[in-house]
Amino acid sequence: MPPTTTTIAGRYLLSERVGSGGMGVVWRGFDELLRRQVAVKELHFPMHMSVEERERLARRTLREARAVAAVDDPSAVRVFDIVEQDGRPWIVMEYLDGSTLTDVLRERGPLPPDEVIHIGQSLINALEAAHAAGVLHRDVKPSNVMIAPDGRVALTDFGIATSLDGDGDGVDTTTSGVIVGSPAYMSPERARGEPPTAASDIWSLGATLWTAAEGRPPFEGPTGLATMTAVATEPPPRCARCAGPLGDLLLRLMDRDPAARPSLDVVRRELSGLVDTAPRRPAAEDPYPTETLPAAFDRTTALDPIVDATPAAASRTATPPAPAAPAPPAEPVAAGRRRHGLGWLAAALVGVLVIAAVVAGVVVGGNGSPNSSAGKSSPKASAAGDSPAGSSSGLPAGWQRYRNTSLGWSIGLPPGWQVRDEGDTATFTDPAGGRYARVDTRYPAGPSALGAWQDQERAFSGSHQGYQRIKLATVSYGGYPDAADWEFTFTSGAVSLHALDRGFVTSGKRGYAIYFQTHSDQWSSSAGLLQGFLSSFRAGSR
């Protein structure tokens, strides 16, 4: 992305955008007063939000920044400044280069015990500092653990952090009745909808270290809700690669009873006692190789899927069937895909303010894993001419064809619409506001498009005010063997929204969903846009 000339608060010069998520963008910046590189988080308000909701989000962001600023330890990312410009808060943070633990595990596979212990010791330092400052992290997981080239390990992303003493704006700024976090790293009590405590962070610490040792999460299910159910109801699994005292300690960290978990001080002492006895990786071995992974390690393992679900949905004992196609009925929320090499700046893009009860990681029929097409290059897309090669179908006047060359699909794009493509999910936003479309992909697809929507409706209807079904039925679409529509309305704050989700499966068993949402009073006038998206879509052959 070309450099910018934007300056924030008269001193922070933004140079390039290097990270984005559902609620904001992170920029690489330069502090012209202190002459140092910084990371600057810019808050974005979703287009549907009322003034009241935007004010609440701004308060939450400031609260988040204060929470991080109160944590003073080298093992936690530092906040330097909080400023307001253009009616929005901007957070100025430490900029360091490095890789997430998720990236490291995908490149190297399971880590040896001595490295797991080193990571654990650093995370304990960060959590002790946070808890001493009266702050719970609530989202300890591999993608929030940064590892610098010099070996420094730090905990990032206090995006859903909360104060132990209840300090804040007096409201639940993560949306009342909604659990926020990643299912495989969410403590059993939080998965059951109970309030978090310091012991909840300790459970997540254990799950994160378990993942570092095994190369996969301790709990995995076909959906995020299934994973949450397993966390809430099943005992923790034993770590096969870290048998002995380290494995025993991880089991205690993940005890389902919060009172039975050891304190951070106890964990620190026990890890220190294991330093001299833990097996080590040979000194001559490159700790960050770029060669291919061992055959036994799947690069697409879901290391830290993200899910947001109501307590009622999370408490179900039955595992929902995998949906046929991905299509979360929600405002555009990016999962914050962090790519190796973008450094701490992208990782510091703090969190997702949950608006929907179920996000993409749940509805795709998996638990938020990376692109299932292992070995494919990063998604690439382009806007070009009229129609895909070999297609006789044109586009509405003035539209361009947008192509995702990694997965092979394409769709028509109205003039001026903005694109955010993250591979498995691409979002198209009307610059005038009030409308957006999204394409989600899933491979392999689940057993039924209609069944997917029935499952998702049960979760969505219980967590969104004013939900009204308009249509839920199979449809005939493009000759695809299995297709279904889910049309509905709901309210967000004072705004009434109208949406249609069309899920379908190709003969190659790849699932797609085209989601279109407008303000309800724009629905009739948007009929041509909806038809243009549906008629112009061309599925990939891969």
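The values are calculated or read from the model by the stated rules, or taken from the named source; none is laboratory data. This is a predicted model, so every value here is computed, not measured. Backbone-built Cβ (ideal geometry, glycine too); neighbour counts: all protein chains shown. Remember, those area values only see protein heavy atoms, side chains included, never the ligands or the DNA or RNA. Shrake-Rupley method; radii C 1.70, N 1.55, O 1.52, S 1.80 Å.
How large a share of the accessible area of the stretch 412-467, in percent, is made up of carbon and sulfur atoms when the probe is 1.4 Å and the other protein chains stay in place? Present the calculation step by step, with values, prior to reporting the outcome.
Numbers: 910 of 2000 Å².
With neighbouring chains kept in place, the figure for the stretch 412-467 is 46 percent.
Could you calculate the contour length gain from Glu234 to Glu16, that is, 0.36 nm times the residue separation minus the distance between their Cα atoms, to one decimal place in nm? Working shown, then result.
Working: separation 218, 0.36 × 218 = 78.48 nm, distance 4.52 nm.
Here the answer is 74.0 nm.
With a 1.4 Å probe and every protein chain kept in, tell me what percent of the accessible surface of the stretch 86-154 is carbon plus sulfur. Walk me through the numbers before you get to the answer.
On the way: 810 of 1680 Å².
Result for the stretch 86-154: 48 percent of the exposed heavy-atom area is carbon or sulfur.
Check Gly221: other-chain or 5+ apart residues with amide H under 5 Å from its amide H, H built from backbone geometry?
It is Thr227, by chain and number.
Charges only on Cβ, +1 for Lys and Arg, -1 for Asp and Glu: so what's the dipole of the stretch 420-542 about the Cα centre, in debye to the nearest 20? Working shown, then result.
Numbers: 12 positive and 12 negative charges, 53 e Å.
Computed charge dipole of the stretch 420-542: roughly 260 debye.
Can you work out ³J(HN,Hα) from phi for every residue in the stretch 112-128, in order, using Karplus 6.51 cos²θ - 1.76 cosθ + 1.60 and θ = phi - 60°, giving whole Hz and x for Gly and Pro?
x, x, 5, 6, 4, 5, 4, 4, x, 4, 5, 5, 4, 4, 5, 5, 4
Under a 1.4 Å probe, what is the accessible area of the stretch 455-531 per residue, stated in Å²?
Details: 3160 Å² over 77 residues.
Averaged over the residues of the stretch 455-531, the accessible area is 41 Å².
Kindly write out, for the stretch 225-238 in residue order, the coupling ³J(HN,Hα) from the Karplus curve 6.51 cos²θ - 1.76 cosθ + 1.60 (θ = phi - 60°), rounded to whole Hz, with x marking Gly and Pro.
Running phi through 6.51 cos²θ - 1.76 cosθ + 1.60 with θ = phi - 60° gives 5, 5, 5, 4, 5, 5, 4, 6, 10, 10, x, x, x, 7 Hz.
Please turn the phi angles of the stretch 443-453 into ³J(HN,Hα) values with the Karplus equation 6.51 cos²θ - 1.76 cosθ + 1.60 (θ = phi - 60°), one per residue in order, whole Hz, x for glycine and proline.
9, x, 6, x, x, 7, 5, 5, x, 4, 5
List every residue whose amide H lies under 5 Å from the amide H of Val475, counting only residues 5 or more places away in sequence or on a different chain, with H placed 1.01 Å from N in the peptide plane.
Residues meeting the amide H criterion: Ala483, Ala484, Asp485.
Just check the stretch 434-542 against the gyration tensor rule for me: Cα atoms, a ≥ b ≥ c as the square roots of the eigenvalues, rounded for a/c under 1.5, and otherwise prolate or oblate depending on whether a/b exceeds b/c.
Numbers: a/c = 2.26, a/b = 1.44, b/c = 1.57.
Taking the square roots of the gyration eigenvalues as a ≥ b ≥ c, the stretch 434-542 is oblate.
Suppose each label sits 7 Å from its Cα in the direction of the beta carbon; what would the Ile470-Val266 distance come out to in nanometres?
5.6 nm
Obtain the nm distance between the two label points defined at Ser507 and Asp257 by a simple spin-label model: each point lies 7 Å from its Cα along the Cα-to-C-beta direction.
5.9 nm
Would you please give the residues with an amide H less than 5 Å from that of Ser50, counting only those at least 5 places away or on a separate chain, with H modeled from the backbone geometry?
Under 5 Å from the amide H of Ser50 lie the amide H atoms of Ala494, each far enough along the sequence or on another chain.
Along the charge dipole of the stretch 43-123, Cβ charges K/R +1 and D/E -1, which of Val92, Ile117, His44 sits furthest on the positive end?
Among Val92, Ile117, His44, the one farthest towards the positive end of the dipole of the stretch 43-123 is His44.
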